[in-house]
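Only one structure is covered here, and it is reproduced in the block below.
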Amino acid sequence: MSSNGHHVHADPAGPEPVADAAALTRWQKFRLVVKVVELRLRFISLMAVTGLVFAYWDYLWNRYDKWMRPTADRQVAVSGIEHYCPMHPQVVQDDPGTCPICGMPLAKRPRGKKVTLPEGVTARVELAPFRVAQAGIKTAEVAYAPLSQTFATVGYVAFDERRMANIVSKVPGRTRVEKLHVNYSGQDVAVGQVLAELYSPELSQAIQELLNASRRAGTSAGTQSPLGRSLAVDRQEMARASAEKLKRWGLTQLQIDEILKKGTTDVTIPILSPIAGHVYKKNVVEGQEVQEGFTMFEVADLHTVWVQAQVYEHQLGLVREGQSVEATVEAFPGKVFPGKVEFIQPHLDPTTRTVEVRYALDNPGHRLRPGMFAVVTVKTPVADTPDFRSQLAGAKPDAGLVRLVSLTAAEQKVCPVTGAKLGSMGDPVAVEVQGKKVWTCCAACPPKLKADPARYLARLAPPPRDEVLSIPESAVIDTGTRKVVYVESGPGVFEGREVVLGRRIGDRFPVLEGLAVGEKVAASGAFLIDAESRINPGAAPAAPPPAEPPKAEDAAPNLNRAGDKP
């Protein structure tokens, strides 16, 4: 037993006695607490790192993929020259050969040189297949489409003026309406139908002259002397003149023959309808006296009517004779009355600032009635609009509206397989396809052209009638100063190309310059590709040539002129 009262058990043969746990020092207790906290913090940190890895797995994987992707800067420099494909710059190798994508011979360049994009290409982006799927990028083919610019305007149904007739009195002096056969307006009449009968003293006198001339001509018909034969001819001419006068007043040949047969002067003049239709206006009543030239009846044929539209002056460039037009009226909902523009008024109404445009329309059953209001819709093919023609002429002053398969490389200008400018890949290569001489940009293109001639020759063929090359609106990136689309030049490779477009029609843009038929553009996800091209530019666009400094002899006069100014 020790002096402080603690018992110490000693083993003579064992080690030294061990102190009790309660006898730990303060430093030992502090270290023990620190180790416990450290173990727990390690567990918490491990859990936090695991969660962050799961949360940012896509980002980490993309960074790793970009770091591991071979680039020109990371390639092992075995020499100062490398080989690349001008059409697919992502294809780079040490040895010469052909591009595995397009088969074009690889070109040489100094190793590590920055890739310069061809003229007209603003950017190039290469995306892995899973990135294309994640971004929802979908492509659409550049193709011809029958785009039409449509506008609607107000119109109305009117009489066909070619099928109207005014029936007037032709007898000189005052005549009396002896009998009226048409008693009300709107009555249907046939061709040659008697509308009324007129009586006139002048008519009785003219009939008497006809009878006398006919009687004299008959008495001198058997004369054999020259004088008698001359008189007979004169009297026959007088008889014919009297008959002709009655015909001009409205009598028919049948009535004249009846007068000559009966020899009576008590005859009335029948008023006949020259056309079939209905009496639009009746201006006389029975027993009324009318003068020569008085309009008694107005007859209109409604088997054909006019639809007259009022077109504003700013829309006049969209209308031409012969184009399709249609109208609808409230009386027949859902019924469309189509036709073709027949006439455009040569003058403008200064009050309404409109021009009258009309077309004729068959009207079976007289369903359309003059005076009806109509909504007229005019459809103009974009290829025929003056705006499109002027824009196309401005974009391609030497190309016109038709692209033909030419016999010379200078006339053809572009390769039908790659769309590259002839001469940009070396000397153009000629190939005979379907009896035509076609030029390509390199030796790799003729086999593809012969394998699928219909596909590639379509790029050189003239466009279909009333169709224009067009792309979806969603494929266009409008920066304000230019319009850019992303063309898929290879699997996962998109090239930004500056294009010239016409006015938007619906959800499509007509293409004036920059694209060829058959190419594929990014119709969905174009903004994501554009953003990727700005964040990670894969190549730089071709720099414009530096401006030449002014010559000394040219600059001196300018300085002199500037010094002369006060």
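The values are calculated or read from the model by the stated rules, or taken from the named source; none is laboratory data. Please read all numbers here as calculations on a predicted model, not as lab measurements. Cβ sites come from the backbone with ideal geometry, for glycine too, and all protein chains shown count toward neighbours.
When you look at ARG131, is it over 29 Å from GLN315 (Cβ atoms), out of contact with any Pro (no Cβ under 7 Å at 6 or more places or on another chain) and assigned to a helix (DSSP H, G or I), yes or no?
On the way: over 29 Å from GLN315 (Cβ atoms): yes; out of contact with any Pro (no Cβ under 7 Å at 6 or more places or on another chain): yes; assigned to a helix (DSSP H, G or I): yes.
Here the answer is yes, as ARG131 does meet what is asked.
So, ALA158, is that one under 30 Å from GLY317 (Cα atoms), of a type in the set (A, V, I, L, M, F, W, C), at pLDDT 85 or above and over 31 Å from the mean Cα position of the chain (by Cα) or not? Spell out how you get there, then give the answer.
Values: under 30 Å from GLY317 (Cα atoms): yes; of a type in the set (A, V, I, L, M, F, W, C): yes; at pLDDT 85 or above: yes; over 31 Å from the mean Cα position of the chain (by Cα): yes.
For ALA158, the condition - under 30 Å from GLY317 (Cα atoms), of a type in the set (A, V, I, L, M, F, W, C), at pLDDT 85 or above and over 31 Å from the mean Cα position of the chain (by Cα) - is met.
Go through (1) at pLDDT 85 or above; (2) surrounded by 13 or more Cβ atoms within 10 Å (Cβ to Cβ) and name the single condition ILE269 misses.
Unmet condition: (1).
Taking the range 340-384, which residues are modelled with pLDDT under 90 and over 29 Å from the mean Cα position of the chain (by Cα)?
Start the filter on the range 340-384 by keeping residues that are modelled with pLDDT under 90, which leaves 364-366, 379-384.
Once the filter is applied, which keeps residues that are modelled with pLDDT under 90 and over 29 Å from the mean Cα position of the chain (by Cα), the range 340-384 yields PRO364, GLY365, HIS366.
Looking at (1) farther than 23 Å from ASP301 by Cα; (2) of a type in the set (S, T, N, Q); (3) in contact (Cβ under 8 Å) with a residue 60 or more places away in the chain, which is the only condition ASN363 fails?
(1)
Output the number of the condition that VAL78 fails; it satisfies all remaining conditions of (1) surrounded by 10 or more Cβ atoms within 10 Å (Cβ to Cβ); (2) in contact with a strand residue (DSSP E or B) (Cβ under 9 Å, 6 or more places away or on another chain); (3) at pLDDT below 80; (4) not charged (D, E, K, R).
(2) is the only condition that VAL78 fails.
Can you find a residue in the range 310-327 that is surrounded by 14 or more Cβ atoms within 10 Å (Cβ to Cβ), free of Cβ contacts under 8 Å to residues at least 60 places away in the same chain and touching a Phe, Trp or Tyr at 6+ places or on another chain (Cβ under 7 Å)?
Yes, some residue in the range 310-327 is surrounded by 14 or more Cβ atoms within 10 Å (Cβ to Cβ), free of Cβ contacts under 8 Å to residues at least 60 places away in the same chain and touching a Phe, Trp or Tyr at 6+ places or on another chain (Cβ under 7 Å).
One residue is enough: does the range 213-226 have a residue meeting the conditions outside the structural domain of ALA374 (by TED's automatic domain parsing), modelled with pLDDT of 85 or more, surrounded by fewer than 16 Cβ atoms within 10 Å (Cβ to Cβ) and more than 30 Å from VAL325 (Cβ to Cβ)?
Residues of the range 213-226 outside the structural domain of ALA374 (by TED's automatic domain parsing): 213-226.
Applying the additional criterion that residues be modelled with pLDDT of 85 or more yields none.
Looking through the range 213-226, none of the residues is outside the structural domain of ALA374 (by TED's automatic domain parsing), modelled with pLDDT of 85 or more, surrounded by fewer than 16 Cβ atoms within 10 Å (Cβ to Cβ) and more than 30 Å from VAL325 (Cβ to Cβ).
What residue, among those in the range 440-499 that are of a type in the set (Lys, Arg) and modelled with pLDDT of 80 or more, is surrounded by the most Cβ atoms within 10 Å (Cβ to Cβ)? Spell out how you get there, then give the answer.
We begin by selecting, within the range 440-499, every residue of a type in the set (Lys, Arg); these are 448, 450, 455, 459, 465, 482-483, 497.
Within this subset, residues satisfying the condition of being modelled with pLDDT of 80 or more are 448, 450, 482-483, 497.
Numbers: LYS448: 17, LYS450: 14, ARG482: 11, LYS483: 17, ARG497: 22.
Once the filter is applied, the top-ranked residue is ARG497.
Residue pairs, Cβ under 6 Å, 6 or more apart or interchain, first in the range 475-486 and among the charged types (D, E, K, R), second surrounded by 11 or more Cβ atoms within 10 Å (Cβ to Cβ). List them.
ARG482/GLU498; LYS483/VAL476; LYS483/VAL499; LYS483/LEU501
List the number of the failed condition for PHE54; all other conditions in (1) part of a loop (DSSP other than H, G, I, E, B); (2) modelled with pLDDT of 70 or more; (3) exposed (fewer than 10 other Cβ atoms within 10 Å of the Cβ) hold.
PHE54 satisfies all of (1) part of a loop (DSSP other than H, G, I, E, B); (2) modelled with pLDDT of 70 or more; (3) exposed (fewer than 10 other Cβ atoms within 10 Å of the Cβ) except (1).
Of all residues in the range 91-112 being touching a residue at least 40 places away in the same chain (Cβ under 8 Å) and not hydroxyl-bearing (Ser, Thr, Tyr), which is farthest from ALA451 (Cα to Cα)?
Checked the range 91-112; the qualifying residue farthest from ALA451 (Cα to Cα) is GLY112.
Would you check if there is a residue in the range 150-158 being of a type outside the set (Phe, Trp, Tyr), surrounded by 15 or more Cβ atoms within 10 Å (Cβ to Cβ), outside any strand (DSSP E or B) and outside the structural domain of ASP362 (by TED's automatic domain parsing)? Can you show your working first?
Just the residues of the range 150-158 that are of a type outside the set (Phe, Trp, Tyr), to begin with: 150, 152-155, 157-158.
Narrowing the set further to residues that are surrounded by 15 or more Cβ atoms within 10 Å (Cβ to Cβ) leaves 153, 155, 157-158.
Now drop any that are not outside any strand (DSSP E or B), which leaves none.
Scanning the range 150-158 turns up no residue that is of a type outside the set (Phe, Trp, Tyr), surrounded by 15 or more Cβ atoms within 10 Å (Cβ to Cβ), outside any strand (DSSP E or B) and outside the structural domain of ASP362 (by TED's automatic domain parsing).
Go through (1) of a type outside the set (Asp, Glu); (2) touching a residue at least 24 places away in the same chain (Cβ under 8 Å); (3) exposed (fewer than 15 other Cβ atoms within 10 Å of the Cβ) and name the single condition LYS335 misses.
Only one criterion in (1) of a type outside the set (Asp, Glu); (2) touching a residue at least 24 places away in the same chain (Cβ under 8 Å); (3) exposed (fewer than 15 other Cβ atoms within 10 Å of the Cβ) is unmet by LYS335, namely (2).
Name every residue in the range 279-306 that is at pLDDT 90 or above and either surrounded by fewer than 13 Cβ atoms within 10 Å (Cβ to Cβ) or touching a Gly at 6+ places or on another chain (Cβ under 7 Å) (or both), in order of residue number.
Answer for the range 279-306, where residues must be at pLDDT 90 or above and either surrounded by fewer than 13 Cβ atoms within 10 Å (Cβ to Cβ) or touching a Gly at 6+ places or on another chain (Cβ under 7 Å) (or both): VAL279, VAL285, VAL299, ALA300, ASP301, LEU302.
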